[in-house]
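Peer 1: This is the structure I want to talk about, given as structure tokens.
Please treat every number below as a calculation from the coordinates, not as lab data. Computed from a predicted structure; not experimentally measured. Heads up, the Cβs are rebuilt from the backbone with ideal geometry, glycines too, and the neighbour counts pull from every protein chain shown.
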Amino acid sequence: MKRVLVLVGGGHAHVEVLRQLALNPPTDIDVALFDPSPSVWYSAMLPGVIAGHYEPSDAKINLWALCQRARVRFFQTPVLSINAETQRIETGLGERHRFDLLSVDVGSVTRELPAAPGAYIVAAKPFDPLLNAITEFESVRTGALTVRVVGGGATAVEVALALAYRWRGATNRRIAIVSATPLLKDFPSRVRRAARHACKRLNVTLRENSRVQQVDPTRLRLQSGEQIDTQLTILATGYGAAPLLNKTIITGIPAESIPVNRQLQCKTHPNIFAAGDCAQIEGLSVPKAGVFAVRQGPILAHNLLAIARGQALQSYRHSSQALSLITLGEKRAVAVRSGLSADGEWAWRWKDSIDRKWMEKYAPGQ
Ligand SMILES: Cc1cc2nc3c(=O)[nH]c(=O)nc-3n(C[C@H](O)[C@H](O)[C@H](O)COP(=O)(O)OP(=O)(O)OC[C@H]3O[C@@H](n4cnc5c(N)ncnc54)[C@H](O)[C@@H]3O)c2cc1C
């Protein structure tokens, strides 16, 4: 009988697994993918979608089509629980499926803040509700409207600037970043300067060292006791566990992330693998960012087939010196690597060509 490999979530690492299966569809393994959506966003292009530089379809990978090419069965449903002992998953369709091998790449969600009923609040991740909230907000045309983006990292900066660029002609909409710390505090000073200049150019106001305690319907309550107005609050407050992880019994207790070794393999259950934001790799501190899920993809693809066939596994090698490209609303970006940085339109064009090349690999017909 064929062994059953279940892929949970069509994240950045799993799309590479699917691509490699499509290049060489296995005849000895039965593979299935479970995801509530037939497509997945490519995170690097999300700010460009908000800004209007890309159509939503430019930034989405069609999971269904990839599965067709790879001869993988696609189930459009969330996985609600995983039980490592019984080797079964339970899906949103009320079905249970058995697995021999399991791989989890379900990402993460934005950390929440306390919010009062009636507060108009939306997280940066998952992305669909954010895009819907932005377009709904656009239909309100009367009165002055303030959008507060809460957070001080790259996501907050990119979302606020992209929104400011999208609404550059609208005089009644104001965008402000509210950060508990100095803006981009972990980045070199040149990056911080580039972000501040971009905020000035696009009229995004900055409020740093201001921790938000609660979101009320038309106000943000700050730790200092001050209250500031808001009509739409966007949370870019860092990433926490995907809801499935509360129902994932692998280590005996539900955890924030799935602990794996450098082969991306669960130490207690060698038939279970995890990658991307939902994995915690032993001895490494890997930021929750799509770029690292992308780098884990080829290792995961190799290891899933290797373990099924009794072959040697490969190890993920992490580099904290990865190139980081932060977009600045307009077609400009700032590039950072190993503490060195530079910004300009050229950086955006460079990022655009990297991103489009990456997307091409997963386009139908490739
Ligand atoms: C606005 C914004 C901009 C960003 N920009 C960048 C950037 O420029 N560079 C960068 O490196 N990172 C960026 N990030 C971070 C990036 O989005 C994440 O780190 C990345 O998506 C993680 O990839 P992943 O493979 O772990 O999971 P994801 O890409 O999040 O994929 C998870 C998949 O799992 C599915 N899923 C979830 N729950 C279940 C379930 N229960 N059952 C089945 N399927 C499930 C989801 O539908 C989804 O398809 C950005 C994030 C945001 C919000």
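Peer 1: Mind jotting down the three principal axis lengths of the range 1-99 based on Cα atoms? Whole angstrom, largest first.
Peer 2: For the range 1-99, the Cα spread along each principal axis is 48, 30, 18 Å.
Peer 1: If you don't mind, another one. Measuring from label point to label point, each 7 Å out along Cα→Cβ, what is the TRP350 to ALA170 span in nm?
Peer 2: Here the modelled spin labels are 3.3 nm apart.
Peer 1: Can you give the extra length, in nm with one decimal, that the chain gains between ASP186 and ASP100 once fully stretched, where that is 0.36 nm per residue apart less the Cα-Cα distance?
Peer 2: Values: separation 86, 0.36 × 86 = 30.96 nm, distance 4.19 nm.
Separation in residues times 0.36 nm, less the Cα-Cα distance, equals 26.8 nm.
Peer 1: Looking at the chain, do any whole DSSP H helices span at least 15 angstrom along their long axis by alpha carbon and average 0.0 or above on Kyte-Doolittle, and which? Kindly include the intermediate steps, with their values, before the conclusion.
Peer 2: Numbers: long enough: 12-23 (17 Å, 0.46); 127-138 (17 Å, 0.27); 154-166 (18 Å, 1.15); 189-201 (18 Å, -1.41); 290-308 (27 Å, 1.14); 345-360 (22 Å, -1.69).
Membrane-span-like by this rule: 12-23, 127-138, 154-166, 290-308.
Peer 1: Quick one: what does P(r) look like for the chain with 20 Å bins over all Cα pairs, in whole %?
Peer 2: Reading the bins upward from 0: 29, 55, 16, 0.
Peer 1: Please figure out what share of the DSSP beta bridges in the chain is antiparallel and state it in percent, rounded to the nearest 5. Intermediate results must be reported in sequence, preceding the final value.
Peer 2: Values: 30 of 70 bridges.
Rounded to the nearest five, the antiparallel share is 45 percent.
Peer 1: Same structure, new question: Using all C-alpha to C-alpha distances in the range 110-238, build P(r) with 10 Å bins and read off the rounded percent in each one.
Peer 2: Taking all Cα pairs of the range 110-238, the binned fractions are 13, 48, 34, 5, 0 percent.
Peer 1: Students often forget the sequence filter, so: which lysines lie under 28 Å Cα-Cα from LYS361 once same-chain residues fewer than 8 apart are removed?
Peer 2: LYS60, LYS125, LYS288, LYS331, LYS351
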